[in-house]
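The values are calculated or read from the model by the stated rules, or taken from the named source; none is laboratory data. Since the structure is predicted, the reported quantities are computational estimates derived from the model, not experimental observations. Cβ: placed from backbone, ideal geometry, glycine included. Neighbour counts: every protein chain shown.
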Amino acid sequence: MWFTSLFQLQRRSVIALSATAIALIAGVVVFSARLSQGQALASRANDPAPMLDVSTHNPLVRVNLTPEPQKQLELAIDGPYRVVAPGTNRILAHGERLAESAIKTTNNSIRIGNADLRINQVEIVPVNSPSIWVGDNLFRGTIRIARAPGEKLIAINHVPLEDYLASVVNSEMPASFADSAREAQAIIARTYVLAKMTGHPQFDVYASTRSQKYKGYQYRDAAGKRLAGESTKSREHVRATAGIVCTYQGKLFTTYYSAVCGGSTVRGDSVFEDSVPLLQSVTCDWCKEARLYRWQSALPKQKVEQVVKDHLKSKGQTFGSLVSITPVTKPDGGLPYYAVSDGRSRQEIAGTTFRVSLPAGTLQSPHFTAKIVGTEVQFSGRGHGHTVGLCQWGADGLGKAGRTSPQILNYYYPGVTLVRLKDNSVR
Ligand SMILES: [Zn+2]
């Protein structure tokens with residue numbers, strides 16, 4: 001989530017891993033971020049825990065590589081491959097390699113190379129992994145391509161959890177960040193994706209900040225240069241935290257995080273419906289090194305006024321000429337709101353609404369002040385992203401000050417309990 005916002009060969013045969021199921025199998029508790037919880041943890045460790053097949057501890061994550069269905073997909077395969085019908089061993093096509101090709105669909109088939117396959121979805125299985133390129137990203141695992149309404153396609157990467165995490169750590173945090181911050185990132189990324197495995201029929205997470213950034217094994221930049229999506233170091237950070245997840249009251253939770261809080265995080269339940277109580281507002285000055293700790297921007301007043309009018313109109317309200325935008329004081333650590341006035345009426349609008357409604361890049365976070373100067377609105381703000389949960393630049397600051405990954409996690413998720421999934425298997 002930090003760059004831009006500032007967060008199965010076959011369908012897993014054994015699971016639809018729910019957050020609750022994960023909590024139940026987390027029978028072996030390794031350590032707690034709070035020493036005072038040691039006693040409670042010890043007793044829970046003695047509770048009978050259902051056994052789960054070991055393969056479920058490094059399950060296949062299904063990552064949607066296409067936020068929106070596409071008219072065509074650019075695919076290349078660097079070695080021998082098979083195209084199979086998902087869930088079967090039926091080989092529909094095969095080849096020694098596939099030069100970069102546009103995969104297209106008609107109303108009843110998927111066309112890959114010279115093969116026109118009359119089927120709704122296919123799975124591309126490489127003999128040697130990683131060897132499948134989708135656009136500019138090279139992925140481990142397999143790629144499932146499915147037809148979507150409107151003669152479009154979606155691409156889903158099925159990849160083992162711990163391989164997925166090695167790429168997420170690198171995609172979300174630069175290599176220069178503190179080791180303990182990147183270990184904390186590995187733990188929250190693991191928790192996040194396991195919490196999201198709730199049985200969606202096609203995929204678990206997106207490959208972007210909509211879920212977590214995931215660039216795959218390698219990727220090409222605009223100049224065509226190959227860059228590492230994962231590295232020896234990121235694999236070490238995943239291995240060092242193997243199987244460790246965050247829990248609250250014995251269950252996984254959605255470990256929200258964002259790039260830079262700019263001074264304090266926002267209480268989770270004021271932004272996300274599935275937020276747990278430990279996502280409180282915490283003060284954080286550890287992110288001061290971030291470029292977007294403070295920021296400024298400006299827009300023509302007319303543009304801002306139109307956005308305000310459109311928003312209020314959608315709620316059945318009218319609005320005149322924009323006179324002021326004033327922060328509304330709500331001392332509960334919740335999402336900031338702003339009062340807009342046209343001189344006659346006063347309405348409140350959430351900071352997130354402003355952020356998503358104004359042109360991209362105007363507001364880096366929901367925290368800002370706005371001043372109307374002539375025909376312009378000047379914004380001064382702090383932070384980057386939704387600012388709920390762990391602050392990634394703050395985690396780096398804490399790590400460089402000597403804090404361990406459990407200490408970092410306990411800072412942003414006060415009272416979090418860390419457990420290790422039993423028999424976690426990591427390559
Ligand atoms: Zn911060």
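Assorted remarks:
- Tabulated pairs, the range 278-294, first aliphatic (A, V, I, L, M), second more than 9 Å from the ligand (Cβ to nearest atom) and assigned to a helix (DSSP H, G or I), C-beta under 8 angstrom, 6+ apart or interchain: Leu279/Gly268; Leu279/Asp269; Val282/Tyr411
- Of all residues in the range 389-403, those that are out of contact with any strand residue (DSSP E or B) (no Cβ under 7 Å at 6 or more places or on another chain) and part of a loop (DSSP other than H, G, I, E, B) total 3.
- A single member of Asp274, Asp285 is loosely packed, with under 14 Cβ neighbours inside 10 Å, more than 20 Å from the chain's Cα centre (by Cα) and part of a loop (DSSP other than H, G, I, E, B), and it is Asp285.
- The number of residues in the range 278-300 that are in contact with a Lys or Arg (Cβ under 7 Å, 6 or more places away or on another chain) and within 11 Å of the ligand (Cβ to nearest atom) comes to 1.
- Residues that are surrounded by 14 or more Cβ atoms within 10 Å (Cβ to Cβ) and over 19 Å from the mean Cα position of the chain (by Cα), drawn from the range 202-227: Arg220
- So Val245, is it part of a loop (DSSP other than H, G, I, E, B) and either within 19 Å of the chain's Cα centre (by Cα) or within 16 Å of the ligand (Cβ to nearest atom) (or both): no
- Scanning the range 174-221 for residues that are aliphatic (A, V, I, L, M), modelled with pLDDT of 95 or more and in a loop (DSSP other than H, G, I, E, B) yields Ala175, Ala178, Ala207.
- Residue within the range 214-232 that is under 22 Å from Leu418 (Cα atoms) and in contact with an Asp or Glu (Cβ under 8 Å, 6 or more places away or on another chain) present: no
- Count - residues of the range 170-180 that are more than 11 Å from the chain's Cα centre (by Cα) and buried (at least 24 other Cβ atoms within 10 Å of the Cβ): 3
- Pairing each residue of the range 104-116 that is assigned by TED's automatic domain parsing to the domain that holds Ile91 with any residue that is of a type in the set (Asp, Glu), provided the two are 6+ apart or on different chains, yields C-beta distances under 7 Å for Thr105/Glu151; Thr106/Glu151; Asn107/Glu151; Ser109/Asp116.
- When Gly415 is tested against (1) on the phi < 0 side of the Ramachandran plot; (2) surrounded by fewer than 24 Cβ atoms within 10 Å (Cβ to Cβ), exactly one condition is not met: (1).
- Number of residues in the range 371-406 that are over 27 Å from Ser211 (Cβ atoms) and basic (Lys, Arg): the value is 2.
- Gly374 being in the same structural domain as His237 (by TED's automatic domain parsing), surrounded by fewer than 16 Cβ atoms within 10 Å (Cβ to Cβ) and away from the ligand (no atom under 15 Å from the Cβ): no
- Among (1) part of a loop (DSSP other than H, G, I, E, B); (2) under 22 Å from Gly397 (Cα atoms); (3) touching a helix residue (DSSP H, G or I) at 6+ places or on another chain (Cβ under 6 Å), the one test that Asn170 misses: (1)
- Residue check for Leu335: in contact with a Ser or Thr (Cβ under 6 Å, 6 or more places away or on another chain) and outside the structural domain of Asp396 (by TED's automatic domain parsing): yes
- Within the range 393-410, residues that are within 15 Å of the ligand (Cβ to nearest atom) sit with their Cβ atoms under 7 Å from residues that are among the acidic types (Asp, Glu), at 6+ positions apart or across chains, in these pairs: Trp393/Glu289; Gly397/Glu289; Gly399/Asp179.
- Residue in the range 262-270 that is in a loop (DSSP other than H, G, I, E, B) and out of contact with any His (no Cβ under 9 Å at 6 or more places or on another chain) present: yes
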